[in-house]
1. Multiplying the sequence separation of LEU95 and THR167 by 0.36 nm and subtracting their Cα-Cα distance, what value in nm do you get?
2. Report the full-extension gain for the segment ILE48 to TYR32: residue separation times 0.36 nm, less the Cα-Cα distance, to one decimal in nm.
3. Residue separation times 0.36 nm, minus the C-alpha to C-alpha distance between GLU198 and ASN67: what's the value?
4. With a 1.4 Å probe and all protein chains in place, put CYS98, CYS199 in order of accessible area, largest first.
5. Between GLN86 and LYS191, what is the spin-label point distance in nm, taking each point 7 Å from the Cα along the Cα→C-beta axis?
6. Any of LYS63/LYS112; LYS54/LYS122; LYS122/LYS160; LYS54/LYS112; LYS52/LYS122 with alpha carbons more than 26 Å apart? Name them for me.
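The values are calculated or read from the model by the stated rules, or taken from the named source; none is laboratory data. A quick note: this is a predicted structure, and the numbers were derived from the prediction, not measured. Counting neighbours? That spans all protein chains shown, and the Cβs are built from the backbone with ideal geometry, glycine included. Note: accessible area is taken over every heavy atom of the protein model, side chains too, but ligands, DNA and RNA are not part of it. Shrake-Rupley method; radii C 1.70, N 1.55, O 1.52, S 1.80 Å.
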Amino acid sequence: QTPLTSQQKKVSIQEQSPTIDELESLNENTLYLKIYDRYEINLMDIQILVCKGKERWAFASSKGTSNLHVLDRFNITLHLERRIVQTMDPQFPSLTLCGTLPKLNAHINESKILSLTNMLNKVCSSNVVESPHKSAEISSIFPDEDNIDQANNLKSNVSKLILLQFTIDQMSLEVQSCGRSIAELQVSGVKMSLTQRECDTNLSL
């Protein structure tokens with residue numbers, strides 16, 4: 001037998017099949033790392049105040065806590081994972097959001113609840129105007145009914161699992177009435193998990 005030249009050796013090495021160690025390294029954890037984009041979001045000095053226009057909200061916000069605060073100033077760290085490939089496997093959520101709060105203080109009274117309720121009603125009751133070109137766009141992309149059925153089947157088969165998890169080390173809720181505190185609830189080690197699928201939603205606290 002004639003010895004292989006250096007060029008032939010390179011070709012033979014490139015044509016070798018993956019080793020057993022390489023195949024074993026392609027486990028579920030490695031796949032999970034490859035199909036997700038990851039983001040870390042740090043939100044600092046978040047606070048929510050409810051007040052009238054004439055009240056000194058700017059001064060109150062500089063203090064971080066006051067009679068106008070619904071949520072005292074807090075920091076939160078969010079870890080976001082977004083799946084970048086389509087899969088029908090329910091073990092791989094399409095979106096995962098995890099948050100950690102060291103401390104959260106909430107204060108509520110009659111006027112704050114009324115103001116927040118009115119605001120939410122206005123936001124939820126706003127009429128959304130649909131685009132007049134919506135039907136034309138759909139008909140141009142899917143001109144046949146068969147294509148529409150195929151597109152709907154594809155959407156229903158793709159996993160759309162959303163997972164939210166939040167951890168709060170210390171949480172307190174103060175209930176006020178007529179300008180003074182009447183009750184306070186303090187809880188340590190709060191954990192909340194929300195799982196939303198196409199067919200159901202699970203919330204655990």
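1. Details: separation 72, 0.36 × 72 = 25.92 nm, distance 1.77 nm.
So the extension gain works out to 24.1 nm.
2. Values: separation 16, 0.36 × 16 = 5.76 nm, distance 3.67 nm.
Residue separation times 0.36 nm, minus the Cα-Cα distance, leaves 2.1 nm.
3. Contour length minus Cα-Cα distance gives 43.0 nm.
4. Values: CYS98 40, CYS199 115 Å².
The residues order as CYS199, CYS98, largest area first.
5. 3.5
6. As for pairs spanning more than 26 Å Cα to Cα, those are LYS122/LYS160.
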